[in-house]
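Worksheet: one structure, shown below.
No lab work stands behind these numbers, since they all come straight from the coordinates. This one's a predicted model, so the numbers in the text were calculated from it and none came from an experiment. Counting neighbours? That spans all protein chains shown, and the Cβs are built from the backbone with ideal geometry, glycine included.
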Amino acid sequence: MPRKKVRLTRRKHSGTPSHCIRDANTRLARQLHNAALKYNSSVPALKDCKVVMSQVNLTLGRLYQNIEVSNMRTIIKRPRVLSLFDGISSGLVALNQLGIIPHSYYSSEIDADCIKLQRFNHPGKVTQLGNICNLDYEKLKELGTIDLLFAGSPCNDLSVVNCRRKGLLGKDGTGPLFFEFVRILYYFKNLANMEGRDHDFFWFFENTCAMEVETKNTISRFLGCQPLKVCASSFVPMKRKRYFWTNLPVDQDQIINHHLLPVDDIVEHAKLQDFLLGSGRKAQTDVLPTFTSNKLNMVKNGMFPVVDDQDGEGHVHLSEIESLFGLPSFYTAGPDMPLHSRKRMLAKCWDVHSVKFLMNSLISLLAVKTCASA
Ligand SMILES: C[S@@+](CC[C@H](N)C(=O)[O-])C[C@H]1O[C@@H](n2cnc3c(N)ncnc32)[C@H](O)[C@@H]1O
């Protein structure tokens, strides 16, 4: 499949009068300072920053001055990662694709098929911790320091698509699992605080955008910030809108303007047709609708996404879906995974591009800090 690289356009340095830069930088510093105060120093907002990148970087460097460059390097080169509701470890795939090889990767997951794939795809690299509800104080203490905390709790009881959803508090539903994440987030936040490392513990929590506003607001209240909205269609011809609550140094403006994307991940003007393998297969749409395990859910305006000379309508191969998700081909096949299990796991999986995008903000920050400290 042809993948065209796109050059990120940087704002021009030349020709900008120095007093403009100075003024813009002062304004930016003020904005960042206010944002930092608002978000309790943890989430810098870069909204409305119309200055050259180096000026943004210098200010970011100052905002994060409490993080030692050496700590940042450790976090990025050999992070200790805890991934809750880890599924098929797509978080680990994203890190590896960015060249990040974790020192430890702890995974909390209960689905037997997911655990099978974790073992098959990452032999000896993932430490299974089992049910999140059993991660009590003693077990968390045994893990020691954590640098990166990832989580995406089940969305079936939060999504408006499910008319029988039980909501965030629903008894016997999966909604309350969110609070298990909050419990663990605050444990590691407090630990980082006690160790004087309150600025170098990074986390994100992901969930569907198809949730009620009230649910979103409750989650935001517990996590102390508003979510970013990231759609896989910023990177590949596939819809997958997700909310990410995070303290990573990234904001909505950077998503809209494609800042911080790893260059290899942007496929210029790619269409679904470019991702179809084999001949005789014709995409009926440019962008694949949100992938669910139910093929009928993907019918838009009475049309299936693909017409196949041999199979008829609607068949998008799982290896094509994997490729759209940014996963290696046959990642979900494992040694002997049945098709329905592969579909089920892919339907709830993160798209790797979005996670890489978020993580790349940290890599940029290290570059900034390294420059600033040089
Ligand atoms: C939305 S999926 C997350 C998928 C994952 N981010 C990925 O990319 O594959 C939620 C996951 O939480 C898992 N889960 C549900 N209850 C759990 C529990 N009590 N402890 C740990 N994991 C659980 C499910 O099996 C499912 O794989």
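With 0.36 nm allotted per residue and the present C-alpha distance subtracted, the residue 307-residue 145 stretch has 53.2 nm of extension available. If I model segment 85-138 as equal point scatterers sitting on the Cα atoms and use the Debye formula, what is log10 I(q)/I(0) at q = 0.15, 0.16, 0.19 Å⁻¹? These q points yield log10 I(q)/I(0) values of -0.40, -0.46, -0.63. Separation of the alpha carbons by more than 20 angstrom is noted, of 166/239; 77/125; 116/241; 239/356; 241/300; 241/271, for 166/239; 116/241.
Please report Rg over Rh for segment 67-162, where both radii come from the alpha carbon positions and Rh follows the Kirkwood definition. Intermediate results must be reported in sequence, preceding the final value.
Numbers: Rg = 14.3 Å, Rh = 14.3 Å.
With Rh from the inverse mean 1/r over Cα pairs, Rg/Rh is 1.00.
How would you rank 180-189, 127-136, highest first, on the average number of other Cβ atoms within 10 Å across their residues?
So the order, starting with the most tightly packed, is 180-189, 127-136.
Across segment 223-234, rounded Karplus estimates of 3J(HN,Hα) from the backbone phi angles (6.51 cos²θ - 1.76 cosθ + 1.60, θ = phi - 60°) give 9, x, 7, 8, x, 8, 9, 10, 10, 4, 5, 5 Hz, Gly and Pro being marked x.
How would you rank 341-353, 218-230, highest first, on the average number of other Cβ atoms within 10 Å across their residues?
On the way: 341-353: 21.5, 218-230: 17.2.
Listed from highest to lowest mean packing, they are 341-353, 218-230.
Net charge of the neighbourhood of residue 244, taken over other residues with C-beta under 14 Å away and scored Lys/Arg +1, Asp/Glu -1, is +3.
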